1. Would you check which residues across the range 12-33 are assigned to a helix (DSSP H, G or I) and loosely packed, with under 14 Cβ neighbours inside 10 Å and list them?
2. Is there a residue in the range 23-46 that is of a type in the set (D, E, K, R), on the phi < 0 side of the Ramachandran plot and without any contact (Cβ under 8 Å) to a residue 12 or more places away in the chain?
3. Does the range 71-95 hold any residues that are surrounded by fewer than 21 Cβ atoms within 10 Å (Cβ to Cβ) and in a helix (DSSP H, G or I), and which are they?
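Every number here is computed from the coordinates shown, using simple stated rules; none is lab data. For clarity, every value in this text was computed on a predicted model and none was experimentally measured. Because the Cβ atoms are built from the backbone with ideal geometry, glycine has one as well, and the counts that use them run over all protein chains shown.
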Amino acid sequence: MDEEVQATAARLVRRLKEGNHTITVAESCTGGLLASAFTDIAGASQWFRQSWVTYSNDAKIKELGVTEEALNRRGAVSAEVAIQMAQGARKRANASIAISITGIAGPNNDGSNKKIGTVYVGIASENWANSDITEIGGNRAENKIAFVHFALLTAIKYWDRAMAKEEVARKEEESRVAAEEDAKLQFEEERARREAEAKENAPWQEDAWSDEKKSALSKEIIGHEINWDKEND
């Protein structure tokens with residue numbers, strides 16, 4: 001396997017391993033080269049699920065759930081089919097992410113109106129799916145290797161974007177929760193302050209103070225009366 005391809009595969013795998021993610025692949029024109037790039041890495045069984053080589057349209061339909069409508073409307077080498085291949089593979093393998101490759105490696109285009117060297121790569125997760133296209137000018141063997149390299153680079157690009165969005169969403173959620181907690185604390189403090197003020201200014205407290213004062217005065221009067229009686233005795 002090409003050294004640059006192998007290094008790029010390792011870069012993607014490091015990202016997957018950081019979050020204990022898994023990957024699967026669905027290939028057409030590359031005939032299993034992408035799967036080979038992954039399984040050449042030691043410990044692949046921990047994160048690599050399985051792969052499909054769906055060379056014919058029938059295989060794409062039966063194995064990956066690609067629709068006949070998409071094939072008839074856009075052809076096998078198209079963004080729509082690439083995405084459906086990736087989505088079907090991911091679901092069937094229950095993987096975190098899937099990569100698909102569909103293109104024209106050469107030396108001829110088998111009657112297609114697309115140029116030799118054209119390739120579509122599909123990337124799909126549970127929550128998003130994307131496809132990129134490129135054109136490569138080499139012979140069949142060179143194109144197949146280049147297609148795999150392009151697929152790996154595309155996967156890294158979209159994976160990094162997705163992880164960045166998740167990080168932003170995580171921070172926004174943390175900020176939202178913190179703001180809610182702060183608002184709740186402020187509300188409780190304000191309520192406690194209002195309750196304390198209301199208790200201080202309540203009319204019944206003035207009445208209570210007046211009653212206590214009257215009782216004290218009554219006791220003084222009674223005391224004086226008693227003393228006065230004693231003097232008369």
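1. Arg14, Lys17, Glu18
2. Taking every residue of the range 23-46 in turn, none turns out to be of a type in the set (D, E, K, R), on the phi < 0 side of the Ramachandran plot and without any contact (Cβ under 8 Å) to a residue 12 or more places away in the chain.
3. Within the range 71-95, Leu71, Asn72, Arg73, Arg74, Ala79, Glu80, Lys91, Arg92, Ala93 meet the criteria.
Condition check ((1) within 25 Å of the chain's Cα centre (by Cα); (2) of a type outside the set (Val, Ile, Thr)) across all residues:
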position	(1), (2)
Thr118	no, no
Trp128	yes, yes
Ile156	yes, no
Arg170	yes, yes
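The rows are residues; the columns are (1) acidic (Asp, Glu); (2) under 30 Å from Ala164 (Cβ atoms).
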position	(1), (2)
Glu3	yes, yes
Thr8	no, yes
Val13	no, yes
Ala26	no, yes
Gly31	no, no
Ser36	no, yes
Ala44	no, yes
Asp58	yes, no
Ala79	no, yes
